[in-house]
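Just below is one structure, and these are the notes that go with it.
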Amino acid sequence: MSATIAATEERAALERIAEGVARLASSAPEVDLPADERVRRAKRVFIEKTDARVALDLESCLHCGMCAEACHFYEGTGQGRYAPIHKLKLLRKVYRRELGPFRLIQRLLTRDLTVAELEQWQELVFDSCTECGRCDMICPVGVHLSRGVHITRQALTAAGLAPAELRALDAEQKSTGAILGAGVEKLRSALEELRSQGIEAPLDKPQAEYLLLTTASDLLIYHRSLAATARIMNHLGLDWTFASSGFEAANSGAVSGDETAQRQATQRVVDAALACGAKFVVVPECGHAYPALRWEGPNQVGRAFPFQVLAISELIGRELESGRLRLKPLGPGKRVTFHDPCKFGRKGGVIDEPRKALAALEVDLRETESKGTTNYCCGGGGGVFFIGRAAPLRNAAFNIKRKQFDATGADSVVTSCGSCRMNFAVGAQRNNWNVPVESLVELVADGLAAPGPATDRGSVV
Amino acid sequence: MRDVLVGDYLRGRGVSRRSLLKFCAAAASWMALPPTMAQEIAAAIEKARRPSVIWLPFQECTGCTESITRAETATLESLIFDAISLDYQHTLQAAAGDAAEEARHQAMKENWGKYLLAVDGSIPLANPGYSTIAGVSNLDMLLEAAKGAAAIIAIGTCAAFGGIPAARPNPTGAVAVSDLIKDKPIINVSGCPPIPVVITGVLAQYLTFGSIPDLDRLGRPRAFYGQSIHDRCYRRPFYERGQFAESFDDEGARKGWCLFKLGCKGPITYNSCATIKWNGGTSFPIEAGHGCIGCAEPNFWDKGGFYEALSVSRWGTFGTVAAAAAVGAAAGVASAALARHRQAKAPEGESR
Amino acid sequence: MTLFDFARGPGMFWATTIMVIGIVWRLAGAVLLARHKDRSTPRGDNRVAAGLRAVLMRSVPPHELEKHITFQHLTGYAWHIGWFVTFLFFVPHMPFIESILGFGWPGLPNQAIVMLAAITLAILLLLLVRRIVHPVLKVISDFDDYVSTLLACAPLVTGIVAFAHLFPSHHETMIGLHILSVEALMVWLPFGKIFHCVTGLPLRFQIGAAFARRGVKA
């Protein structure tokens, strides 16, 4: 399949997905609760989640406002209410009144949490925060702001106040395990397509060393990424498989704060990994999936994993390091810049490996001013891509990224997250920006040094 | 004797006009008046009637009397004692016993409403027996004598503010004159003792103008008590430059550096020690190498120690801080324990 | 008992006692809450080193972050440094410090300190105005922020007034007010945001270690 045709197909698929996303809100289950019940449930979550570390955060903020200066939503809009610390106000209020050392006095001096506040905070912790953690990097005293935002999401979701689109995604994944209709049937047909291209794509092997996950954005839009991942696994000669009982890396509950959904999605993957005795679980180019599984997963299921979780780019880096993977240069003068997806990079710890891959491909890497741990979020992470009314905010964030990219003089942007790709595509269209956004695994697959069993780039099967 | 004019009396005693003018020039200077006033002061003193002064020594150490009456040398100060008619001062007077008391009553009667009452020493209230004169308590004697006085001069910190007897725990219940007398003008001439010429300067002012001098809010003549020792201290430049003696007789002390760190109370003490000085202008405590102890101020005994710098505060001890930390720890531990208990009760988060 | 005697005596004793009780209570009450165990396998074994690194390096953020906070960063450090140098190197303060620590150190000339105090006060007032007009600070600031700022200013104001003898016949009262202003600050310290002086460095350590767990330099 030619690159141009594939790209056109991807654009069409993205448009279909965007239309589906726009209808999400209407399919969301209603959560009708009396006001005081909402407050009670939210409070319970705030109280449960505020441990000693969170408490130290809440006791230390000095209202300096520097967190806002690191936030793309504040930078893009100038609106003071988007300051990250402001998002934590309800968490702090409940902590001080219910758990804090001076709670007896605080109860006399402050007003209790209200449902109006909870409703007001929906915009602040969902629409205008991607939990990217850039604010965590700047705070002069070290408040872990993004963690506080996540707890607030969990509280709002428990109170039935998650945005409709996220509630819809939660409901779907809880009942079918899938995101946006990308269920087992879609998986099977996608794998058939791979095999028709001559790419091995094992499914449901009873035993395998590597359990590969995929995600809705790859199954529905970025088929080439799926193909590239499979080709790399095959090229490396790894013993791998997909599992129909647990293939979706994305975790809607990890994003919305719906803990039931989050645990279920994690458990599905863990069960699939245990079933085939996997030593490694490989996460594809889906940002939040990585920290949700690697860093939060063991706490969701209550025990350390007997397997290692690797991002596909992490796996690539490891193989390059050991010399088992060799890549060929992708042609002289390929000027690219790399966008670190916040969930892989700042929240995941996978920062060096993509650069190792790009170095091995001998591309001319032009880094943006903010990169790695200080990279700007694409603006669509943390579920914000799905929230319809957040479009102006996403756009403001996109324009910051655009300026960063344009300043590098690169010809294309490489990233390693489907959510970022979708967000950039929408932003590019809205702002008439023509710089292509490429997938890291696709580039790596293009650069595999020895021809593998799959065909080379550009040939049609 | 009392009807003789002061000028005649002084001439009778061999005091030349020149000496009188020298005294008046000095008095003008102390009162921050222009030198030309000397003539006016001299003219006024000459024409003044010798005022009757009744001096009541109460619960005192006699230091004020000693300070003022260095009678060995004929000083300018002693001139004023020739100018007044000191009708009662039982340390100095010749008469004693009943005769002395009789003389006092006589003077009071003859000059009722016009005599100056000078008091030194505090008045004990806890038990009148603590200090009596001829069997009469200080309190009773003061109340009686104050009734006919034109004005009262409280000489020394004891009379002005209670002084040493009033230092914690004040076992005698010592109080100042102004604590007891509310209906007469009182001039507080504080100091332990006051500088001699400050006394005579106040008297000279009263003689000259027949009125009470300008007083600060503690009732002290602003002419002598209007500026702090610190503001007039010759060692001030060292304070500004941060050069301080760290201990007595160290290098800084020998170089004459500021004594702030050795407890000098100069910044909060108002007196003329740094300008007029003592012993005819010879020196004053700071110049002699010891910090000011603030003796012209109320409660100077109870302002921390004499060797405790002004910036030292009684924050407690390491023991009290440790006790406070223990109290805080107990409260904090209890708070956390109760909070954890509450968190454990909230069931594991089911979102719906 | 004059104002000065109160400030130097019971005032300082109770201010110290309340401050110590408050600090230990608040710290213990927060830090002794439950610690949720993290069952994930950390990336690498350098959490202590990373924590210490964060303690130092949070004061020197990367350029691409720092360029957005430069004014506030510099003025923030400037006034903190000015405040502490004024407190610790003004020679008349030294006996107070010696009475606590048992030792002191050489100070700076009084005129230098007075100028520094005046500059520090000017910066604090400038930042107070900024707090009132800045789009973010306007939204997030509360009673605590304003009280804490005023209590940081008060010792400087009262110190300069006393030092400059603006009320020469009330010098003792002015020094008393100066000491009282410090006592007010001490009493407020455990209950407002000034508490960050106790928790700030440990919290930096905490976030450095937390992110290092994931292999991220924070």
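The values are calculated or read from the model by the stated rules, or taken from the named source; none is laboratory data. If you're wondering where the values come from, they're calculated on a predicted model, not measured in any experiment. Here the Cβ is made from the backbone with ideal geometry for all residues, glycine too, and neighbour counts use every protein chain on show.
Restricting attention to segment B:269-278, does a residue exist that is within 29 Å of residue C:104 (Cα to Cα) and modelled with pLDDT of 90 or more? So that I can check it myself, show each step before the final result.
Kept after step one, since they are within 29 Å of residue C:104 (Cα to Cα), are these residues of segment B:269-278: B:269.
Still in the running and modelled with pLDDT of 90 or more: B:269.
Yes, that holds for at least one residue.
If you go through segment A:100-120, how many residues are more than 28 Å from residue A:134 (Cα to Cα), within 13 Å of chain C (Cβ to nearest Cβ) and of a type outside the set (D, E, K, R)?
The total comes to 7.
For residue C:184, which of the numbered conditions (1) of a type in the set (A, V, I, L, M, F, W, C); (2) crowded, with 20+ Cβ neighbours inside 10 Å; (3) in contact (Cβ under 8 Å) with a residue 24 or more places away in the chain fails to hold?
For residue C:184, the failing item is (2).
For segment A:39-68, what are the residues that are over 28 Å from the mean Cα position of the chain (by Cα), surrounded by 23 or more Cβ atoms within 10 Å (Cβ to Cβ) and either farther than 17 Å from residue A:87 by Cβ or of a type in the set (S, T, N, Q) (or both)?
Those that are over 28 Å from the mean Cα position of the chain (by Cα), surrounded by 23 or more Cβ atoms within 10 Å (Cβ to Cβ) and either farther than 17 Å from residue A:87 by Cβ or of a type in the set (S, T, N, Q) (or both): A:59, A:60.
Which fully enclosed helices (runs of 4 or more DSSP H) of segment B:192-309 have 3 or more residues being closer than 30 Å to residue B:45 by Cα?
Correct list: B:196-209, B:222-225.
Return the residue satisfying two criteria in turn: it lies in segment C:140-159 and is of a type in the set (S, T, N, Q) and touching a residue at least 24 places away in the same chain (Cβ under 8 Å), and of such residues it is surrounded by the fewest Cβ atoms within 10 Å (Cβ to Cβ).
Selected residue: C:149.
Out of the residues in segment C:57-71 that are among the hydrophobic types (A, V, I, L, M, F, W, C) and more than 21 Å from residue A:347 (Cβ to Cβ), state the one that is nearest to the other protein chains (Cβ to nearest Cβ).
The qualifying residue nearest to the other protein chains (Cβ to nearest Cβ) is C:69.
Would you pick out the residues in segment B:137-164 that are farther than 18 Å from residue B:215 by Cα and of a type in the set (S, T, N, Q)?
Of everything in segment B:137-164, those that are farther than 18 Å from residue B:215 by Cα and of a type in the set (S, T, N, Q) turn out to be B:137, B:138.
Among A:391, A:396, A:407, which is free of Cβ contacts under 8 Å to residues at least 12 places away in the same chain and over 17 Å from the mean Cα position of the chain (by Cα)?
Criteria check complete, one pass: A:391.
Return the only residue of A:100, A:80 being touching a His at 6+ places or on another chain (Cβ under 9 Å) and among the small types (Gly, Ala, Ser). I'd like the intermediate steps shown before the answer.
On the way: A:100 fails: touching a His at 6+ places or on another chain (Cβ under 9 Å).
Among A:100, A:80, only A:80 is touching a His at 6+ places or on another chain (Cβ under 9 Å) and among the small types (Gly, Ala, Ser).
List every residue pair whose Cβ atoms lie under 8 Å apart, where the two residues are 6 or more positions apart in sequence or sit on different chains, the first residue falls within segment C:9-21 and is more than 7 Å from every other protein chain (Cβ to nearest Cβ) and closer than 12 Å to residue C:188 by Cα, and the second residue, located anywhere, is of a type in the set (Asp, Glu) and in a helix (DSSP H, G or I).
C:15/C:183
Quick one: in segment C:22-45, of everything that is facing chain B (nearest Cβ under 9 Å) and not in a helix (DSSP H, G or I), which residue is surrounded by the most Cβ atoms within 10 Å (Cβ to Cβ)?
Checking each candidate, the answer is C:33.
Do we have residue A:228 as of a type in the set (Gly, Ala, Ser) and within 30 Å of residue A:128 (Cα to Cα) here?
Spelling it out, it is not the case that residue A:228 is of a type in the set (Gly, Ala, Ser) and within 30 Å of residue A:128 (Cα to Cα).
Here's the yes/no breakdown for (1) over 19 Å from residue C:64 (Cβ atoms); (2) away from chain C (no Cβ under 14 Å); (3) of a type outside the set (D, E, K, R):
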| position | (1), (2), (3) |
| --- | --- |
| A:325 | yes, yes, yes |
| A:331 | yes, yes, yes |
| A:336 | yes, yes, yes |
| A:363 | yes, yes, yes |
| A:398 | no, yes, yes |
| A:402 | no, yes, no |
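Only residues that are crowded, with 17+ Cβ neighbours inside 10 Å, part of a helix (DSSP H, G or I) and not β-branched (Val, Ile, Thr): list them for segment A:396-418, please.
First, the residues of segment A:396-418 that are crowded, with 17+ Cβ neighbours inside 10 Å: A:396-402, A:404-405, A:408, A:410, A:413-418.
So of that shortlist, the ones also part of a helix (DSSP H, G or I) come out as A:396-402, A:404-405, A:408, A:418.
Those that are crowded, with 17+ Cβ neighbours inside 10 Å, part of a helix (DSSP H, G or I) and not β-branched (Val, Ile, Thr): A:396, A:397, A:398, A:399, A:401, A:402, A:404, A:405, A:418.
So which of A:6, A:52 is in contact with a His (Cβ under 9 Å, 6 or more places away or on another chain), more than 21 Å from residue A:164 (Cα to Cα) and more than 9 Å from every other protein chain (Cβ to nearest Cβ)?
Going through A:6, A:52 in turn, the sole match is A:6.
Of the residues A:284, A:306, which is of a type outside the set (Gly, Ala, Ser) and within 14 Å of chain C (Cβ to nearest Cβ)?
Being of a type outside the set (Gly, Ala, Ser) and within 14 Å of chain C (Cβ to nearest Cβ) holds for just one of A:284, A:306, which is A:306.
Restricting to segment A:359-384, what's the tally of residues that are part of a helix (DSSP H, G or I) and surrounded by fewer than 23 Cβ atoms within 10 Å (Cβ to Cβ)?
Number of matching residues: 5.
Residues in segment A:62-91 that are in contact with a Leu (Cβ under 8 Å, 6 or more places away or on another chain), more than 7 Å from chain C (Cβ to nearest Cβ) and not polar (S, T, N, Q): how many?
Summing the residues that are in contact with a Leu (Cβ under 8 Å, 6 or more places away or on another chain), more than 7 Å from chain C (Cβ to nearest Cβ) and not polar (S, T, N, Q) in segment A:62-91 gives 9.
Limited to segment B:278-299, what total is found for residues that are away from chain C (no Cβ under 11 Å) and buried (at least 17 other Cβ atoms within 10 Å of the Cβ)?
Residues flagged as away from chain C (no Cβ under 11 Å) and buried (at least 17 other Cβ atoms within 10 Å of the Cβ) within segment B:278-299 amount to 10.
Quick check on segment C:66-82. Is at least one of its residues free of Cβ contacts under 8 Å to residues at least 12 places away in the same chain, under 29 Å from residue B:316 (Cα atoms) and not in a strand (DSSP E or B)?
So far as segment C:66-82 goes, yes, one or more of its residues are free of Cβ contacts under 8 Å to residues at least 12 places away in the same chain, under 29 Å from residue B:316 (Cα atoms) and not in a strand (DSSP E or B).
I'm checking my understanding of the structure. Among residues of segment A:87-112 that are surrounded by fewer than 22 Cβ atoms within 10 Å (Cβ to Cβ) and not in a helix (DSSP H, G or I), which one is nearest to the chain's Cα centre (by Cα)?
A:112
Of all helices (runs of 4 or more DSSP H) completely enclosed by segment C:126-218, which ones contain at least 2 residues that are more than 8 Å from chain A (Cβ to nearest Cβ) and modelled with pLDDT under 95? Even if it seems obvious, please write down each step before you answer.
Values: elements: C:135-140, C:143-163, C:171-188, C:196-213.
Counting at least 2 such residues, we get C:143-163, C:171-188.
Please state which of the following conditions residue B:247 fails to meet, knowing it meets all the rest: (1) among the polar types (S, T, N, Q); (2) crowded, with 17+ Cβ neighbours inside 10 Å; (3) farther than 26 Å from residue B:144 by Cα.
Unmet for residue B:247, out of (1) among the polar types (S, T, N, Q); (2) crowded, with 17+ Cβ neighbours inside 10 Å; (3) farther than 26 Å from residue B:144 by Cα: (2).
Taking the condition in contact (Cβ under 8 Å) with a residue 60 or more places away in the chain, surrounded by fewer than 24 Cβ atoms within 10 Å (Cβ to Cβ) and either within 30 Å of residue C:37 (Cβ to Cβ) or assigned by TED's automatic domain parsing to the domain that holds residue A:210 (or both), does residue A:307 pass?
Details: in contact (Cβ under 8 Å) with a residue 60 or more places away in the chain: yes; surrounded by fewer than 24 Cβ atoms within 10 Å (Cβ to Cβ): yes; either within 30 Å of residue C:37 (Cβ to Cβ) or assigned by TED's automatic domain parsing to the domain that holds residue A:210 (or both): yes.
Against the criterion (in contact (Cβ under 8 Å) with a residue 60 or more places away in the chain, surrounded by fewer than 24 Cβ atoms within 10 Å (Cβ to Cβ) and either within 30 Å of residue C:37 (Cβ to Cβ) or assigned by TED's automatic domain parsing to the domain that holds residue A:210 (or both)), residue A:307 qualifies.
What is the number of the single condition among (1) in contact with a Pro (Cβ under 7 Å, 6 or more places away or on another chain); (2) more than 14 Å from chain B (Cβ to nearest Cβ); (3) touching a residue at least 12 places away in the same chain (Cβ under 8 Å) that residue C:54 does not meet?
Answer for residue C:54: the failing condition is (1).
Assuming residue A:153 fulfils every condition listed in (1) assigned to a helix (DSSP H, G or I); (2) in the same structural domain as residue A:275 (by TED's automatic domain parsing); (3) of a type in the set (Lys, Arg) apart from one, which condition is it?
(2)
In segment A:244-276, what residues are of a type in the set (Gly, Ala, Ser), under 30 Å from residue A:198 (Cα atoms) and either buried (at least 24 other Cβ atoms within 10 Å of the Cβ) or within 14 Å of chain B (Cβ to nearest Cβ) (or both)?
Once the filter is applied, which keeps residues that are of a type in the set (Gly, Ala, Ser), under 30 Å from residue A:198 (Cα atoms) and either buried (at least 24 other Cβ atoms within 10 Å of the Cβ) or within 14 Å of chain B (Cβ to nearest Cβ) (or both), segment A:244-276 yields A:249, A:250, A:273.
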